[in-house]
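Below is one structure; the comments refer to it alone.
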Amino acid sequence: MTKAKRVEVVDQFNDYSFKRFSIRRALLRYRRADGRMSAPVERLCFERGHAVGLLLYDKADDCVVLVRQLRYPVYVSLSDDQRRRDEVERAWLLEIIAGTQEKGEAPEAVARREAAEEAGYTISGPLELVADVYPSPGGTSERITIYFAEVDRGVPVSGGGGMADEGEDTEVVRLPFEKAMAMIKTGEIADAKTVIALQHLALREGRHPA
């Protein structure tokens with residue numbers, strides 16, 4: 001009989017904290033695939049809480065509603081050569097609506113709040129759960145809950161744009177579904193949660209994923 005998975009934390013440290021972010025370091029042992037416990041190893045975890053994403057789909061127009069915004073970590077990842085070639089626009093990502101889940105807040109509440117703040121839509125109907133995913137489990141504990149919802153082709157209740165007092169500037173982008181799927185292939189849509197949500201929609205509607 002295979003022994004149960006097991007982790008023994010020998011010691012742990014909180015090396016850095018800033019607002020909602022922290023870096024935790026631990027010395028631990030874990031049960032290996034051969035059943036033996038490992039020697040003590042050091043592991044790091046970037047804590048930033050959990051997030052929620054929402055893909056909006058206008059079925060009447062066969063369009064998805066995305067947002068475009070500057071992502072500083074993506075800018076940091078650009079090489080000097082890319083910046084010299086004026087490819088800084090790569091740092092403005094096309095994404096599904098998303099936001100941080102506050103302590104004690106239900107994921108669905110986050111999705112509805114962000115739909116109004118970022119894209120100007122009030123979602124009164126049910127949300128369809130797509131998946132709970134870990135975007136980078138080798139480095140962060142963050143989990144993203146992804147939802148899907150259909151929206152009416154009518155005019156949104158507001159212009160969206162995000163929270164100005166938090167420095168947000170989200171551009172609402174309506175894209176034909178087929179164009180959005182093609183942009184995955186070209187790399188114009190490179191955000192993981194957005195790719196997952198669009199692939200889900202393709203399967204849901206019986207179309208070929210990108």
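No value in this document is a laboratory result; all are computed from the given coordinates. Only a predicted model underlies this, so the values are computations on that prediction, with no experimental measurement involved. Neighbour counts are summed over all protein chains in view; Cβ atoms, including those assigned to glycine, are modelled from backbone coordinates with ideal geometry.
Between R32 and R204, 0.36 nm times their residue separation minus their Cα-Cα distance comes to what?
Separation in residues times 0.36 nm, less the Cα-Cα distance, equals 58.1 nm.
Quote to one decimal, in nm, the extra length available between R85 and D11 on full extension: 0.36 nm per residue of separation minus the C-alpha distance between them.
Result for the pair: 22.0 nm of gain on full extension.
Taking the Cα centre of the chain as the origin, how large is its charge dipole in debye, to the nearest 20, when only Lys and Arg (+1) and Asp and Glu (-1) carry charge on their Cβ atoms?
1260
Tell me, what HN-Hα J-couplings in whole Hz come from the Karplus equation 6.51 cos²θ - 1.76 cosθ + 1.60 at θ = phi - 60° for each residue of the range 104-114, using x for Gly and Pro?
Using θ = phi - 60°, the values come out as x, 8, 6, x, 4, 5, 4, 4, 5, 5, 5 Hz.
Hey, got the dipole for the range 7-47? About the Cα centre, +1 on K and R Cβ, -1 on D and E Cβ, debye to the nearest 20? List each step's numbers first, then the result.
Working: 9 positive and 6 negative charges, 26 e Å.
Computed charge dipole of the range 7-47: roughly 120 debye.
Quick one: which residues, 5+ away or cross-chain, put their amide H under 5 Å from the amide H of E142? H built at 1.01 Å from N.
R48
Can you work out the Karplus-derived ³J(HN,Hα) for every residue in the range 188-193? Use 6.51 cos²θ - 1.76 cosθ + 1.60 with θ = phi - 60°, whole Hz, and x for glycine or proline.
Computed from phi, the couplings for the range 188-193 are 6, 10, 10, 7, 4, 5 Hz.
Dipole of the chain (Lys/Arg Cβ +1, Asp/Glu Cβ -1, origin at the Cα centre): which of F21, S136, A106 lies farthest to the positive side?
S136
Quick one: helix 177-186 against the long Cα principal axis of the chain, what's the angle to the nearest 10°, folded into 0 to 90?
The answer is roughly 50 degrees.
Could you tally up the Lys pairs in the chain with alpha carbons closer than 20 Å? Skip any pair fewer than 8 positions apart unless they're on separate chains.
Numbers: K19/K103; K59/K179; K179/K193; K185/K193.
For the chain, qualifying lysine pairs total 4.
Name the residues whose placed amide hydrogens come within less than 5 Å of the amide hydrogen of C63, ignoring near sequence neighbours (fewer than 5 apart) on the same chain.
For C63, the qualifying residues are D58, F177.
I'd like to know how the chain sits against the 2.2 N^0.38 Å rule of thumb: what's its Cα Rg over that expected value?
My calculation over the Cα atoms of the chain gives 1.19.
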